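The values are calculated or read from the model by the stated rules, or taken from the named source; none is laboratory data. Since the model is a prediction, treat every value here as computed from it, not as a measurement. Heads up, the Cβs are rebuilt from the backbone with ideal geometry, glycines too, and the neighbour counts pull from every protein chain shown. The accessibility values were calculated without ligands, DNA or RNA, using every heavy atom of the protein model including side chains. Shrake-Rupley method; radii C 1.70, N 1.55, O 1.52, S 1.80 Å.
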Amino acid sequence: MNPLLNMIDLAGVIHLHSSYSFDGRAPLGEIIGAAHRCGCDFLMLTDHSTLQARQEGWEGRHGRTLLVVGEEIAPRFNHYLAFGHREPIGTVDLPPQACIDRVSSAGGMGFIAHPDHEGTALFHVKHYPWTDWSVAGYTGLGIWDFMTDWQNSLRSYPRAVLSYLFPALFLRGPSAATLARWDALTQRRPVTGIGELDNHDTPMRFAGITLSVFPFARVLRLIRTHLLVPPLTGEAGTDIAALLSALKLGRAYVSLDYYRSASGFSLSLAEGEQCRTLGGTFELGREAVLRVRLPHPGRVRIIRNGALFHQTTGTDLTAVVREPGVYRAEAALRVFGRWRPWIFSNPIYVVRG
């Protein structure tokens, strides 16, 4: 059975802050309006230590955009994105494992946020990495965070101005350290990789001018998470549950949609009647055919257990799989004469049948 049949590809944004956050500025209605203009199918809001947006009736469908209200639990280090829980966790100074356990006991699931955030000394932005990797019970982690990636480009004032004006040109993709850690984790158990925006629309004064970093309409086409879900019903509770289920199962890929939409990307593995896609577990017999399809020509790589397995350019890649392992795809897009990061998929987990 082909798991891609009867599935739709929804493109949305995870991890953003509204005026419900102490450090957010934009009213939620303004953000939703920007989401409509940018073609977002869903937003997963993560204001600091609150579910007030849900309590005030914002969660649900707003035209084409489905709003899911979550929460960012943000002590000094070890920030955690929680979704699906009944009551806010609030401002807590718990050990990371206790925080994860509290979200789970409240009926939710969570993701380690911006695990390798470094901040930027030039603009006095603190670093907020995840420091405790002994934890268990989390659903996944952010593999590509816009704010982390963009802030790493701020090495001088002239470069900062250019980076502010053309942020997509300065994004380098997930850090090598983050991808290496994620690859190591997925060889032990399924761990869903997500994209993060972490935008606050923060006012910043530069050269006597107050700038917004960034208005949401400028960045909602940047780092997105695509989810493969059954056709939506139109009932908000059911559709939100479908999104959260896709995240839990790893039916997701992360992309930079600014230059070309990644919608239509697929990764599948087939042998006989068995076929699996993102997040699936595949029982390998003798050999299976792995296939990647891109919606536009690009450079595509298959990564097995953290190492390059196969690479080609075009829109279609096939490779024969004869060994168990964790197989994921990366794609780059040629823009202005350079290969730029585009798509990073969740893996298929191949075991011996």
Original post:
Which ones in segment 333-353 are surrounded by fewer than 18 Cβ atoms within 10 Å (Cβ to Cβ) and in contact (Cβ under 8 Å) with a residue 12 or more places away in the chain?
Top reply: Arg334, Val335, Phe336, Trp339, Val351, Arg352, Gly353
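Residue-wise test of (1) in contact (Cβ under 8 Å) with a residue 40 or more places away in the chain; (2) in contact with a His (Cβ under 6 Å, 6 or more places away or on another chain).
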site	(1), (2)
Gly63	no, yes
Pro75	no, no
Asn78	yes, no
Leu94	no, no
**OP:** Go through segment 29-66 and give me each residue that's hydrophobic (A, V, I, L, M, F, W, C) and in contact with a Phe, Trp or Tyr (Cβ under 6 Å, 6 or more places away or on another chain).
**Re:** Ile31, Ala34, Ala53, Leu66
Original post:
In segment 212-223, is there at least one residue being part of a strand (DSSP E or B), surrounded by 24 or more Cβ atoms within 10 Å (Cβ to Cβ) and modelled with pLDDT of 95 or more?
Top reply: yes
Subject >> Selection count where residues are in contact with a Lys or Arg (Cβ under 8 Å, 6 or more places away or on another chain) and open to solvent by less than 10 Å² (accessible area, probe 1.4 Å), scope segment 224-239 >> reply: 3
Original post:
Tell me, which residue of segment 250-278 that is under 14 Å from the mean Cα position of the chain (by Cα), part of a loop (DSSP other than H, G, I, E, B) and of a type outside the set (A, V, I, L, M) is surrounded by the most Cβ atoms within 10 Å (Cβ to Cβ)?
Top reply: Gly250
Original post:
more than 15 Å from Gly12 (Cα to Cα) and among the β-branched types (Val, Ile, Thr), is that true of Thr225?
Top reply: no
Subject >> Residue list for segment 1-30, restricted to those being aliphatic (A, V, I, L, M), touching a strand residue (DSSP E or B) at 6+ places or on another chain (Cβ under 6 Å) and in a loop (DSSP other than H, G, I, E, B) >> reply: Leu4, Met7
Original post:
What do you reckon, is Ala242 under 23 Å from Glu72 (Cβ atoms), without any contact (Cβ under 8 Å) to a residue 24 or more places away in the chain and either open to solvent by 10 Å² or more (accessible area, probe 1.4 Å) or touching a helix residue (DSSP H, G or I) at 6+ places or on another chain (Cβ under 6 Å) (or both)?
Top reply: yes
**OP:** Look at Arg205 and say whether it is in a loop (DSSP other than H, G, I, E, B) and surrounded by fewer than 24 Cβ atoms within 10 Å (Cβ to Cβ).
**Re:** no
**OP:** Please go through segment 310-323 and pick out each residue that is without any contact (Cβ under 8 Å) to a residue 24 or more places away in the chain and either surrounded by fewer than 17 Cβ atoms within 10 Å (Cβ to Cβ) or within 21 Å of the chain's Cα centre (by Cα) (or both).
**Re:** Gln311, Thr312, Thr313, Gly314, Thr315
Original post:
Under the condition of being of a type in the set (S, T, N, Q) and either modelled with pLDDT under 95 or outside any helix (DSSP H, G or I) (or both), which residue from segment 149-192 is most open to solvent (accessible area, probe 1.4 Å)?
Top reply: Gln187
**OP:** Report the residue count in segment 1-59 for those that are touching a Pro at 6+ places or on another chain (Cβ under 6 Å) and under 13 Å from Glu71 (Cα atoms).
**Re:** 2
**OP:** Would you be able to tell me the number of residues in segment 67-110 that are of a type in the set (A, V, I, L, M) and either more than 21 Å from the chain's Cα centre (by Cα) or at positive phi (or both)?
**Re:** 5
Subject >> Residue ID - nearest to Asp239 (Cα to Cα), chosen from residues in segment 1-32 that are touching a residue at least 40 places away in the same chain (Cβ under 8 Å) and more than 21 Å from the chain's Cα centre (by Cα) >> reply: Asn6
